[in-house]
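The values are calculated or read from the model by the stated rules, or taken from the named source; none is laboratory data. Remember, it's a predicted structure, so these values are computed and weren't measured experimentally. Heads up, the Cβs are rebuilt from the backbone with ideal geometry, glycines too, and the neighbour counts pull from every protein chain shown.
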Amino acid sequence: MNNITLYGHLTMDTVFDGDISYKSVGAIGNVWQVLSKLSPNYQINIEPTRIGEALILVNKKKAERSSIANLNLQKRKPYINPASWSHILYINELEDLSFVEKISKTGGIISADTCKGKILSNLDVLKYVDFLFISDEDLFMELNELTKIVKGWVILHNKGGSTCSNGDKTFDVEVPIIDDINVLGAGDMFAGSVIHSILNKVENSDLQSIITTAHKLTSKHLVSINEKN
């Protein structure tokens, strides 16, 4: 059984989707949701370091969303859990990243993602990160320069796929763009799908195939959520 710990931001989201408005749990909540759906056998530990809120506007026709957020309303000291995989949400918006080094000493894979907002100032922390998820709109330096800082792979993603590089190898994954859909939380869901796909990879499957599978799982999850709503 795989043990996964989710660190970073946990948010209460107020979402406006046309004439509909609703509240949901975002950030860590999005990753937890997709992991729980993909496998009920995961032991998922939730250790937020910051709790906040966001106001989100969704445009289904353009498959876009925009938001304003107060991500750091409440501080919380996390318990460091030894885990098969530790994922940190919105590393660029966390002022205190000292816990990342502590996680690295427990073993397991470490991944992190970013959100729209601040540029990551503490680049030194990336030496502990095996997989960095960043959207093309949030990229703050040339990809080849970023790969020199990150311990492992940079996964630069957008709604049409991703470019993945570790400095030595680079590959692209293209997926069909889904129109007329609520893409809220898609980046978080993609990170969760990659975690699941790597932890459950078929023997001898390469990373490109794994990332392709993760994109397909994300699209399937987004479609299922939109069908319910």
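Scan (1) free of Cβ contacts under 8 Å to residues at least 60 places away in the same chain; (2) outside any helix (DSSP H, G or I); (3) hydrophobic (A, V, I, L, M, F, W, C) for the single condition residue 100 breaks and write down its number.
The number of the failed condition is (2).
Go through segment 37-56 and count every residue that is touching a Gly at 6+ places or on another chain (Cβ under 7 Å) and either over 23 Å from residue 80 (Cβ atoms) or at pLDDT below 90 (or both).
Matching residues across segment 37-56 total 1.
Which residues, taken from segment 38-60, are under 17 Å from residue 78 (Cβ atoms) and either buried (at least 19 other Cβ atoms within 10 Å of the Cβ) or aliphatic (A, V, I, L, M) (or both)? Reasoning before the result, please.
Pass one, segment 38-60, residues under 17 Å from residue 78 (Cβ atoms): 43-52.
Selection gives 44, 46, 47, 48, 49, 50, 51, 52.
Look at residue 13 and say whether it is in contact with a strand residue (DSSP E or B) (Cβ under 8 Å, 6 or more places away or on another chain) and of a type in the set (Asp, Glu). It would help to see each step written out before you state the result.
On the way: in contact with a strand residue (DSSP E or B) (Cβ under 8 Å, 6 or more places away or on another chain): yes; of a type in the set (Asp, Glu): yes.
Judged against the criteria, residue 13 is a match.
Among the numbered criteria (1) part of a strand (DSSP E or B); (2) under 19 Å from residue 89 (Cβ atoms); (3) not acidic (Asp, Glu), which single criterion is violated by residue 16?
The one condition residue 16 does not meet is (2).
Restricting to segment 166-188, what's the tally of residues that are farther than 17 Å from residue 213 by Cα and either free of Cβ contacts under 8 Å to residues at least 40 places away in the same chain or part of a strand (DSSP E or B) (or both)?
Count: 5.
Just give me the residues in segment 127-146 being buried (at least 20 other Cβ atoms within 10 Å of the Cβ) and either assigned to a helix (DSSP H, G or I) or in contact (Cβ under 8 Å) with a residue 60 or more places away in the chain (or both), in sequence order. Let's see the steps before the verdict.
Of all residues in segment 127-146, those buried (at least 20 other Cβ atoms within 10 Å of the Cβ) come to 128-129, 131-134, 146.
Result: 128, 131, 133, 146.
How do the strands (runs of 3 or more DSSP E) wholly within segment 21-90 filter down when requiring 2 or more residues that are over 15 Å from residue 9 (Cβ atoms), in contact with a strand residue (DSSP E or B) (Cβ under 7 Å, 6 or more places away or on another chain) and of a type outside the set (A, V, I, L, M): which remain?
Working: elements: 43-59, 64-75, 85-89.
Because the criterion is at least 2 residues that are over 15 Å from residue 9 (Cβ atoms), in contact with a strand residue (DSSP E or B) (Cβ under 7 Å, 6 or more places away or on another chain) and of a type outside the set (A, V, I, L, M), the strands (runs of 3 or more DSSP E) in segment 21-90 that meet it are 43-59, 64-75.
Of all the residues that make up segment 16-37, how many are surrounded by fewer than 21 Cβ atoms within 10 Å (Cβ to Cβ) and among the aliphatic types (A, V, I, L, M)?
2
Looking at segment 1-13, which of its residues are part of a strand (DSSP E or B), aliphatic (A, V, I, L, M) and either more than 21 Å from residue 92 (Cβ to Cβ) or more than 12 Å from the chain's Cα centre (by Cα) (or both)? Reasoning before the result, please.
The first filter runs over segment 1-13 and keeps only residues part of a strand (DSSP E or B), leaving 3-13.
Now narrow it down to the ones that are aliphatic (A, V, I, L, M): 4, 6, 10, 12.
Within segment 1-13, 4, 10, 12 meet the criteria.
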